Amino acid sequence: MGKIVILSGSPSVNSGTDKVLGYVGKLLQERGSDIVFHSVRDFEAETLVKADFQNVRIKRLIRDIEEADGVIVGSPVYKASYTGVLKSVLDLLPENILKSKAVLPIMSGGSSSHVLAIDFALKPLLGVLKGEVLQGVYVVDAQVDKEAEVPIVDVALERRLVSQVDELVGAIARVRQTI
């Protein structure tokens, strides 16, 4: 099915967002995709603060995204939006990096109060990078068991994730036909 880049915007080492992204990555591997995982934690603070476009890790992320058929971007909700460190990483990417790429946004938060963050914060940002942005999935932290091998504990959430994975696969096929 191709190469999918997953970018986690979570600065936390034991992240529920990362658990969800890992689960989605496994679903895609079962469908034949090669997964490349990047995290904002991979980048030195100095690289981000000084906007070092020549940083080796930034260049690797750019290369991986350019070679990818699809991209998944996940972030916990911080102050009703994606994390600042995710924005710092995305600011170092070329403006059209997501052109002709299906993009699945995933956000997580402590309650459903921030469900609109995916529509009013993350999706517009991914659209500016010219991605073919899918509906996406918002995850409430209580729907995830960070200690379990299968972290999704909510049946409805699992259905939404599987549905969006299938939508991503279909969107990648549609984008390939237009290239």
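The values are calculated or read from the model by the stated rules, or taken from the named source; none is laboratory data. Here the structure is a predicted model, which is why all the values come from computation and not from measurement. Every residue, glycine as well, gets a Cβ built from its backbone with ideal geometry; the counts of neighbours run over all protein chains shown. Only protein heavy atoms, including side chains, enter the accessible area calculation; ligands, DNA and RNA are left aside. Shrake-Rupley method; radii C 1.70, N 1.55, O 1.52, S 1.80 Å.
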If you go through the range 78-91 one residue at a time, do you hit one that is among the aliphatic types (A, V, I, L, M), surrounded by 13 or more Cβ atoms within 10 Å (Cβ to Cβ), without any contact (Cβ under 8 Å) to a residue 60 or more places away in the chain and in a loop (DSSP other than H, G, I, E, B)?
no
Hey, can you tell me all the residues within the range 12-26 that are in a helix (DSSP H, G or I) and either open to solvent by 50 Å² or more (accessible area, probe 1.4 Å) or within 15 Å of Asp145 (Cα to Cα) (or both)?
Gly16, Thr17, Asp18, Lys19, Val20, Leu21, Gly22, Tyr23, Val24, Lys26
Tell me, yes or no, whether the range 152-159 has at least one residue that is touching a helix residue (DSSP H, G or I) at 6+ places or on another chain (Cβ under 9 Å), touching a residue at least 24 places away in the same chain (Cβ under 8 Å), surrounded by 19 or more Cβ atoms within 10 Å (Cβ to Cβ) and not acidic (Asp, Glu).
yes
Within the range 1-44, how many residues turn out to be of a type in the set (Gly, Ala, Ser), within 14 Å of the chain's Cα centre (by Cα) and within 21 Å of Gly110 (Cα to Cα)?
7
Note: among Gln29, Gln54, just one is without any contact (Cβ under 8 Å) to a residue 12 or more places away in the chain, open to solvent by 10 Å² or more (accessible area, probe 1.4 Å) and outside any helix (DSSP H, G or I), namely Gln54
